[in-house]
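Notes for the one structure printed next.
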Amino acid sequence: MDAIRSRSEPDSITGRSTKEDPMALNAIPTARASHDEYAANQDGEAAPSSSLELHKTTSDMRTTRSRLGLQPQAPIVEEHDLAEQQDWWWAKVRIALREPFAEFFGTMILVLFGDGAVAQVLLSTGQKSAPGGNGFGNYQSINWGWALGVMLGIYVAGDSGAYLNPAITFTNCVLRKLPWRRFPIYLLAQFLGGFVASGIIYGNYIDGINKVEGPGLRTVPPSPTATAGIFCTYPQAFDTTSPQFADEFLASAILMFVIYALKDDSNKGQFSASGAWFPLAMFFLIFGIGACFNFWVPIVAPFCGCLFGGILYDVFLYTGPDSLVNQPWFGLKDLARPKAAILERMEKHQAEGLV
(Lines give C-alpha, C1' and ligand atoms only; values in the text may rest on other atoms or scores of the structure.)
Protein backbone atom coordinates (compact mmCIF):
# COMPACT_ATOMS: atom_id res chain seq x y z
CA MET A 1 0.00 0.00 0.00
CA ASP A 2 1.52 3.24 -1.09
CA ALA A 3 2.44 6.02 1.28
CA ILE A 4 0.95 9.05 -0.42
CA ARG A 5 3.51 11.75 -1.29
CA SER A 6 3.70 14.71 -3.57
CA ARG A 7 4.77 13.72 -7.05
CA SER A 8 7.98 15.71 -6.72
CA GLU A 9 8.78 14.85 -3.10
CA PRO A 10 11.97 12.78 -2.77
CA ASP A 11 11.86 9.30 -1.29
CA SER A 12 12.98 9.34 2.34
CA ILE A 13 15.26 6.35 1.82
CA THR A 14 16.70 6.70 -1.67
CA GLY A 15 16.61 10.49 -1.94
CA ARG A 16 15.07 10.23 -5.41
CA SER A 17 11.67 11.38 -6.59
CA THR A 18 9.06 8.70 -6.04
CA LYS A 19 7.29 7.15 -8.97
CA GLU A 20 3.56 7.22 -8.47
CA ASP A 21 1.76 3.90 -8.83
CA PRO A 22 -1.60 4.66 -10.46
CA MET A 23 -3.07 1.38 -9.29
CA ALA A 24 -2.58 1.59 -5.54
CA LEU A 25 -5.88 2.26 -3.77
CA ASN A 26 -4.63 2.61 -0.26
CA ALA A 27 -1.94 4.41 1.69
CA ILE A 28 -0.36 3.24 4.93
CA PRO A 29 3.25 4.14 5.75
CA THR A 30 5.77 1.40 6.52
CA ALA A 31 9.04 1.43 8.44
CA ARG A 32 10.99 2.28 5.30
CA ALA A 33 9.84 3.35 1.85
CA SER A 34 6.50 1.79 0.96
CA HIS A 35 6.78 -1.60 -0.67
CA ASP A 36 5.28 -0.61 -4.00
CA GLU A 37 7.47 2.49 -4.21
CA TYR A 38 10.49 0.37 -3.40
CA ALA A 39 9.58 -2.06 -6.18
CA ALA A 40 9.05 0.79 -8.64
CA ASN A 41 12.41 2.31 -7.76
CA GLN A 42 14.14 -1.03 -8.15
CA ASP A 43 12.63 -1.49 -11.60
CA GLY A 44 14.19 1.78 -12.73
CA GLU A 45 17.69 1.04 -11.48
CA ALA A 46 20.66 0.05 -13.58
CA ALA A 47 22.03 -3.48 -13.70
CA PRO A 48 23.13 -4.95 -10.35
CA SER A 49 26.45 -3.58 -9.19
CA SER A 50 27.26 -6.19 -6.57
CA SER A 51 27.27 -9.96 -6.33
CA LEU A 52 24.56 -9.76 -3.68
CA GLU A 53 22.12 -8.30 -6.22
CA LEU A 54 22.46 -11.47 -8.29
CA HIS A 55 21.19 -13.57 -5.38
CA LYS A 56 17.95 -11.76 -4.74
CA THR A 57 15.15 -14.31 -4.62
CA THR A 58 12.76 -11.82 -6.20
CA SER A 59 14.93 -11.83 -9.34
CA ASP A 60 14.13 -15.52 -9.87
CA MET A 61 10.40 -14.82 -9.66
CA ARG A 62 10.19 -11.88 -12.06
CA THR A 63 9.02 -13.90 -15.07
CA THR A 64 6.37 -15.76 -13.09
CA ARG A 65 5.06 -12.59 -11.53
CA SER A 66 4.96 -10.78 -14.88
CA ARG A 67 2.87 -13.56 -16.40
CA LEU A 68 0.35 -13.08 -13.61
CA GLY A 69 0.19 -9.34 -14.30
CA LEU A 70 2.02 -8.50 -11.07
CA GLN A 71 4.93 -6.10 -10.77
CA PRO A 72 8.14 -8.03 -11.58
CA GLN A 73 9.73 -6.75 -8.37
CA ALA A 74 7.91 -8.30 -5.41
CA PRO A 75 6.88 -5.83 -2.70
CA ILE A 76 9.37 -6.87 -0.02
CA VAL A 77 12.18 -4.87 1.51
CA GLU A 78 15.75 -5.48 0.39
CA GLU A 79 16.99 -6.88 3.70
CA HIS A 80 14.36 -9.62 3.56
CA ASP A 81 15.01 -10.29 -0.11
CA LEU A 82 18.68 -11.05 0.56
CA ALA A 83 18.01 -13.27 3.58
CA GLU A 84 19.00 -16.94 3.35
CA GLN A 85 15.50 -18.26 4.06
CA GLN A 86 14.17 -16.63 0.88
CA ASP A 87 15.77 -19.43 -1.15
CA TRP A 88 13.48 -22.04 0.40
CA TRP A 89 10.71 -23.35 -1.86
CA TRP A 90 7.83 -21.88 0.13
CA ALA A 91 9.52 -18.50 0.29
CA LYS A 92 9.63 -18.46 -3.52
CA VAL A 93 5.93 -19.34 -3.72
CA ARG A 94 5.17 -16.60 -1.22
CA ILE A 95 7.15 -14.05 -3.23
CA ALA A 96 5.54 -15.08 -6.52
CA LEU A 97 2.00 -14.83 -5.08
CA ARG A 98 2.44 -12.19 -2.39
CA GLU A 99 -0.28 -9.84 -3.63
CA PRO A 100 -2.91 -12.55 -4.31
CA PHE A 101 -2.23 -13.97 -0.85
CA ALA A 102 -2.75 -10.47 0.57
CA GLU A 103 -6.07 -10.12 -1.30
CA PHE A 104 -7.14 -13.56 -0.06
CA PHE A 105 -6.51 -12.82 3.60
CA GLY A 106 -7.75 -9.23 3.39
CA THR A 107 -11.05 -10.42 1.92
CA MET A 108 -11.22 -13.26 4.44
CA ILE A 109 -10.86 -10.81 7.34
CA LEU A 110 -13.49 -8.54 5.79
CA VAL A 111 -16.05 -11.35 5.45
CA LEU A 112 -15.21 -12.87 8.85
CA PHE A 113 -16.13 -9.64 10.59
CA GLY A 114 -19.11 -8.90 8.36
CA ASP A 115 -20.73 -12.34 8.33
CA GLY A 116 -19.79 -12.85 11.97
CA ALA A 117 -21.72 -9.75 12.96
CA VAL A 118 -24.75 -10.88 10.94
CA ALA A 119 -24.62 -14.34 12.49
CA GLN A 120 -24.44 -13.00 16.02
CA VAL A 121 -27.39 -10.66 15.49
CA LEU A 122 -29.57 -13.16 13.63
CA LEU A 123 -28.94 -16.18 15.84
CA SER A 124 -29.37 -14.32 19.15
CA THR A 125 -32.64 -12.59 18.27
CA GLY A 126 -35.08 -12.78 21.16
CA GLN A 127 -32.59 -14.06 23.73
CA LYS A 128 -33.77 -12.57 27.01
CA SER A 129 -30.44 -13.26 28.74
CA ALA A 130 -28.69 -10.76 26.46
CA PRO A 131 -28.14 -7.13 27.55
CA GLY A 132 -31.32 -5.31 26.64
CA GLY A 133 -33.32 -8.51 26.78
CA ASN A 134 -33.65 -9.04 23.02
CA GLY A 135 -30.50 -10.59 21.59
CA PHE A 136 -26.85 -9.58 21.32
CA GLY A 137 -27.06 -6.93 18.64
CA ASN A 138 -29.14 -5.11 16.06
CA TYR A 139 -28.84 -3.83 12.48
CA GLN A 140 -26.29 -1.19 13.53
CA SER A 141 -24.12 -3.99 14.92
CA ILE A 142 -24.00 -5.46 11.40
CA ASN A 143 -22.88 -2.14 9.93
CA TRP A 144 -20.14 -1.86 12.54
CA GLY A 145 -18.99 -5.41 11.73
CA TRP A 146 -18.72 -4.78 7.99
CA ALA A 147 -17.04 -1.41 8.50
CA LEU A 148 -14.45 -2.91 10.85
CA GLY A 149 -13.90 -5.79 8.44
CA VAL A 150 -13.17 -3.41 5.56
CA MET A 151 -10.78 -1.29 7.62
CA LEU A 152 -8.82 -4.27 8.97
CA GLY A 153 -8.84 -6.02 5.59
CA ILE A 154 -7.20 -2.93 4.06
CA TYR A 155 -4.45 -3.07 6.67
CA VAL A 156 -3.87 -6.79 5.97
CA ALA A 157 -3.78 -6.40 2.17
CA GLY A 158 -1.67 -3.28 1.94
CA ASP A 159 0.93 -4.65 -0.47
CA SER A 160 -1.68 -5.73 -3.03
CA GLY A 161 -3.57 -2.44 -3.12
CA ALA A 162 -6.32 -3.88 -0.87
CA TYR A 163 -9.06 -3.96 -3.50
CA LEU A 164 -10.94 -6.74 -1.63
CA ASN A 165 -13.83 -6.65 -4.10
CA PRO A 166 -13.94 -7.88 -7.73
CA ALA A 167 -16.07 -4.87 -8.76
CA ILE A 168 -13.42 -2.44 -7.47
CA THR A 169 -10.66 -4.46 -9.14
CA PHE A 170 -12.60 -4.43 -12.42
CA THR A 171 -13.14 -0.66 -12.28
CA ASN A 172 -9.44 -0.05 -11.70
CA CYS A 173 -8.58 -2.26 -14.68
CA VAL A 174 -10.84 -0.07 -16.83
CA LEU A 175 -10.06 3.38 -15.43
CA ARG A 176 -6.71 3.18 -13.63
CA LYS A 177 -4.74 0.89 -15.96
CA LEU A 178 -4.49 -1.99 -13.53
CA PRO A 179 -3.18 -4.81 -15.79
CA TRP A 180 -6.04 -7.02 -16.98
CA ARG A 181 -3.80 -10.04 -16.46
CA ARG A 182 -3.98 -9.31 -12.76
CA PHE A 183 -7.78 -9.37 -12.67
CA PRO A 184 -8.29 -13.20 -12.83
CA ILE A 185 -5.89 -14.01 -9.99
CA TYR A 186 -7.21 -11.17 -7.83
CA LEU A 187 -10.78 -12.31 -8.56
CA LEU A 188 -9.88 -15.88 -7.57
CA ALA A 189 -8.09 -14.76 -4.41
CA GLN A 190 -11.01 -12.55 -3.35
CA PHE A 191 -13.59 -15.24 -4.07
CA LEU A 192 -11.66 -17.89 -2.16
CA GLY A 193 -11.05 -15.52 0.74
CA GLY A 194 -14.77 -14.83 1.07
CA PHE A 195 -15.64 -18.50 0.62
CA VAL A 196 -13.20 -19.67 3.29
CA ALA A 197 -14.42 -17.00 5.70
CA SER A 198 -18.01 -18.09 5.15
CA GLY A 199 -17.00 -21.68 5.88
CA ILE A 200 -15.33 -20.61 9.12
CA ILE A 201 -18.41 -18.65 10.18
CA TYR A 202 -20.66 -21.59 9.30
CA GLY A 203 -18.55 -23.98 11.35
CA ASN A 204 -18.37 -21.58 14.27
CA TYR A 205 -22.12 -20.98 14.36
CA ILE A 206 -23.35 -24.43 13.26
CA ASP A 207 -24.86 -25.18 16.66
CA GLY A 208 -26.82 -21.94 16.59
CA ILE A 209 -27.96 -22.55 13.01
CA ASN A 210 -29.16 -26.06 13.89
CA LYS A 211 -30.99 -24.71 16.91
CA VAL A 212 -32.83 -22.08 14.87
CA GLU A 213 -33.63 -24.17 11.78
CA GLY A 214 -33.40 -27.69 13.08
CA PRO A 215 -30.63 -30.22 12.22
CA GLY A 216 -30.33 -30.82 8.50
CA LEU A 217 -32.96 -28.18 7.64
CA ARG A 218 -31.80 -25.12 5.71
CA THR A 219 -34.20 -22.38 4.65
CA VAL A 220 -34.00 -18.94 3.06
CA PRO A 221 -36.04 -15.78 3.64
CA PRO A 222 -38.93 -15.09 4.03
CA SER A 223 -39.05 -18.19 6.25
CA PRO A 224 -39.03 -17.07 9.91
CA THR A 225 -36.32 -19.64 10.67
CA ALA A 226 -34.07 -18.78 7.71
CA THR A 227 -30.35 -18.35 8.43
CA ALA A 228 -29.12 -18.03 4.83
CA GLY A 229 -29.10 -14.26 5.29
CA ILE A 230 -25.87 -14.69 7.27
CA PHE A 231 -24.00 -15.29 4.03
CA CYS A 232 -25.84 -13.24 1.41
CA THR A 233 -28.51 -10.58 1.07
CA TYR A 234 -32.16 -11.27 0.33
CA PRO A 235 -34.77 -8.70 -0.74
CA GLN A 236 -37.89 -7.92 1.19
CA ALA A 237 -40.92 -9.83 -0.03
CA PHE A 238 -42.52 -6.66 -1.39
CA ASP A 239 -39.42 -5.57 -3.33
CA THR A 240 -39.11 -5.98 -7.11
CA THR A 241 -36.05 -6.39 -9.30
CA SER A 242 -35.76 -2.79 -10.53
CA PRO A 243 -35.47 -1.06 -7.13
CA GLN A 244 -33.16 -3.83 -5.90
CA PHE A 245 -30.80 -3.22 -8.82
CA ALA A 246 -31.06 0.55 -8.38
CA ASP A 247 -30.23 0.29 -4.68
CA GLU A 248 -27.10 -1.81 -5.28
CA PHE A 249 -26.07 0.32 -8.27
CA LEU A 250 -26.33 3.56 -6.33
CA ALA A 251 -24.48 2.21 -3.29
CA SER A 252 -21.68 0.81 -5.47
CA ALA A 253 -21.37 4.07 -7.39
CA ILE A 254 -21.05 6.02 -4.13
CA LEU A 255 -18.45 3.53 -2.90
CA MET A 256 -16.24 3.90 -5.98
CA PHE A 257 -16.71 7.66 -6.28
CA VAL A 258 -15.61 8.26 -2.69
CA ILE A 259 -12.69 5.80 -2.92
CA TYR A 260 -11.33 7.69 -5.91
CA ALA A 261 -11.80 10.97 -4.07
CA LEU A 262 -9.92 9.61 -1.06
CA LYS A 263 -7.04 8.42 -3.26
CA ASP A 264 -6.73 11.45 -5.55
CA ASP A 265 -3.52 13.33 -4.70
CA SER A 266 -4.55 16.20 -6.95
CA ASN A 267 -7.73 16.68 -4.90
CA LYS A 268 -6.04 19.12 -2.53
CA GLY A 269 -8.75 21.31 -1.00
CA GLN A 270 -7.79 21.65 2.65
CA PHE A 271 -5.94 18.33 2.62
CA SER A 272 -4.03 15.99 0.34
CA ALA A 273 -6.29 13.02 -0.32
CA SER A 274 -6.62 10.70 2.71
CA GLY A 275 -3.05 9.44 3.12
CA ALA A 276 -2.65 7.11 6.07
CA TRP A 277 -6.23 7.91 7.13
CA PHE A 278 -7.62 5.92 4.20
CA PRO A 279 -8.58 2.79 6.20
CA LEU A 280 -10.41 4.88 8.80
CA ALA A 281 -12.14 6.85 6.06
CA MET A 282 -13.22 3.55 4.51
CA PHE A 283 -14.58 2.45 7.88
CA PHE A 284 -16.99 5.38 7.94
CA LEU A 285 -17.79 5.04 4.24
CA ILE A 286 -18.84 1.39 4.59
CA PHE A 287 -20.72 2.11 7.81
CA GLY A 288 -22.61 4.93 6.12
CA ILE A 289 -23.44 2.88 3.03
CA GLY A 290 -24.60 -0.04 5.16
CA ALA A 291 -26.75 2.20 7.33
CA CYS A 292 -28.37 4.01 4.40
CA PHE A 293 -28.51 1.48 1.55
CA ASN A 294 -28.21 -2.05 3.11
CA PHE A 295 -25.38 -2.78 0.67
CA TRP A 296 -23.12 -5.77 0.15
CA VAL A 297 -21.89 -7.54 -2.93
CA PRO A 298 -24.63 -9.08 -5.02
CA ILE A 299 -23.14 -9.85 -8.38
CA VAL A 300 -24.09 -7.61 -11.32
CA ALA A 301 -25.12 -4.23 -9.91
CA PRO A 302 -21.85 -3.55 -8.02
CA PHE A 303 -19.79 -3.94 -11.20
CA CYS A 304 -22.05 -1.51 -13.06
CA GLY A 305 -22.31 0.86 -10.11
CA CYS A 306 -18.58 0.91 -9.33
CA LEU A 307 -17.72 1.56 -12.96
CA PHE A 308 -20.31 4.35 -13.17
CA GLY A 309 -19.06 5.94 -9.93
CA GLY A 310 -15.46 5.81 -11.15
CA ILE A 311 -16.37 7.35 -14.50
CA LEU A 312 -18.42 10.04 -12.76
CA TYR A 313 -15.46 11.03 -10.59
CA ASP A 314 -13.00 11.01 -13.49
CA VAL A 315 -15.25 13.01 -15.83
CA PHE A 316 -15.94 15.82 -13.36
CA LEU A 317 -13.06 15.86 -10.87
CA TYR A 318 -9.99 13.76 -11.77
CA THR A 319 -7.20 15.43 -13.75
CA GLY A 320 -4.57 12.66 -13.82
CA PRO A 321 -3.34 11.35 -17.18
CA ASP A 322 -3.69 7.69 -16.18
CA SER A 323 -7.49 7.62 -16.43
CA LEU A 324 -9.14 6.24 -19.54
CA VAL A 325 -11.54 9.20 -19.39
CA ASN A 326 -8.65 11.66 -19.74
CA GLN A 327 -7.71 10.31 -23.16
CA PRO A 328 -8.77 11.69 -26.57
CA TRP A 329 -12.49 11.26 -27.10
CA PHE A 330 -12.84 10.01 -23.49
CA GLY A 331 -11.09 6.80 -24.48
CA LEU A 332 -13.93 5.82 -26.83
CA LYS A 333 -11.52 5.49 -29.75
CA ASP A 334 -10.07 2.41 -28.03
CA LEU A 335 -13.41 0.65 -28.54
CA ALA A 336 -12.93 0.92 -32.29
CA ARG A 337 -9.43 -0.60 -32.13
CA PRO A 338 -9.36 -2.87 -29.08
CA LYS A 339 -6.35 -4.93 -30.21
CA ALA A 340 -4.19 -1.87 -30.74
CA ALA A 341 -5.37 -0.41 -27.42
CA ILE A 342 -4.44 -3.60 -25.55
CA LEU A 343 -0.99 -3.73 -27.13
CA GLU A 344 -0.44 -0.05 -26.38
CA ARG A 345 -1.37 -0.55 -22.74
CA MET A 346 0.89 -3.60 -22.42
CA GLU A 347 3.83 -1.71 -23.91
CA LYS A 348 3.27 1.14 -21.49
CA HIS A 349 3.07 -1.23 -18.53
CA GLN A 350 6.34 -2.87 -19.56
CA ALA A 351 8.02 0.51 -20.00
CA GLU A 352 6.87 1.56 -16.52
CA GLY A 353 7.89 -1.75 -14.97
CA LEU A 354 4.34 -2.62 -13.90
CA VAL A 355 4.40 -6.09 -15.45
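The values are calculated or read from the model by the stated rules, or taken from the named source; none is laboratory data. Quantities reported herein were computed from a predicted structural model and do not represent experimental measurements. Counting neighbours? That spans all protein chains shown, and the Cβs are built from the backbone with ideal geometry, glycine included. In case anyone asks, the SASA skips ligands and DNA or RNA and just uses the protein heavy atoms, side chains included. Shrake-Rupley method; radii C 1.70, N 1.55, O 1.52, S 1.80 Å.
Evaluate E = 1/(1 + (r/R0)^6) for W180 and T233, where r is the Cβ-Cβ distance and R0 equals 30 Å; express this FRET efficiency to the nearest 0.05.
Efficiency computed from Cβ-Cβ geometry: 0.55.
Taking the square root of 5 times each eigenvalue of the Cα gyration tensor, what semi-axes in Å does the equivalent ellipsoid of the range 211-355 have, largest first?
Output for the range 211-355: semi-axes of 38, 20, 15 Å.
At 7 Å along the Cα-to-beta-carbon direction for both F330 and T240, put a label point, then send me their distance in nm to one decimal.
Each label point is offset 7 Å from its Cα along the Cβ direction, giving 3.0 nm.
Using a Förster distance of 56 angstrom, determine the FRET efficiency expected from the C-beta separation of E347 and K128, and round it to 0.05. The partial results should precede the final answer.
Values: r = 67 Å, r/R0 = 1.19.
Once the sixth-power term is evaluated, E becomes 0.25.
How much length, in nm to one decimal, is gained on full extension between D322 and L192, taken as 0.36 nm per residue of separation minus their Cα-Cα distance?
43.8 nm
What is the Rg over Rh value, at two decimals, for the range 141-270, using alpha-carbon atoms and the Kirkwood definition of Rh?
Computed over Cα atoms, the ratio is 1.03.
Any chance you could look up the accessible area of E248 with a 1.4 Å probe, heavy atoms only, rounded to 10 Å²?
About 20 Å², rounded to the nearest 10.
So the label point goes 7 Å from the Cα of T219 along Cα→C-beta, right? Which residues of the range 98-122 then have their backbone N under 17 Å from it?
122
For D247, D265, write out the residues from largest to smallest accessible area, computed with a 1.4 angstrom probe and no ligands counted. Write down the numbers at each step before the final one.
Details: D247 50, D265 15 Å².
My answer, sorted largest first, is D247, D265.
Taking all protein chains as present, what is the carbon and sulfur share of the accessible area of the range 183-236, in % to the nearest whole number, probe 1.4 Å?
Percent of accessible area from carbon and sulfur atoms in the range 183-236: 70.
DSSP loop (so not H, G, I, E, B), at most 15 other Cβ within 10 Å: list which chymotrypsin sites (Phe, Trp or Tyr not before Pro) in the range 223-316 pass both filters.
Here the chymotrypsin sites (Phe, Trp or Tyr not before Pro) that fit, given the DSSP loop and packing criteria, are F238, F271.
What spacing in nm lies between the two simple spin-label points modelled at I200 and V300, each 7 Å away from Cα in the Cβ direction?
Each label point is offset 7 Å from its Cα along the Cβ direction, giving 3.3 nm.
Whenever you get a sec, line up H349, H80 from highest to lowest accessible area (probe 1.4 Å, protein heavy atoms).
H80, H349
Could you tell me which trypsin sites (Lys or Arg not before Pro) in the range 52-135 are loop residues by DSSP with no more than 15 other beta carbons within 10 angstrom of their beta carbon?
Numbers: sites: K56, R62, R65, R67, K92, R94, R98, K128; in loops: K56, K128.
Passing both the DSSP loop test and the Cβ count: K128.
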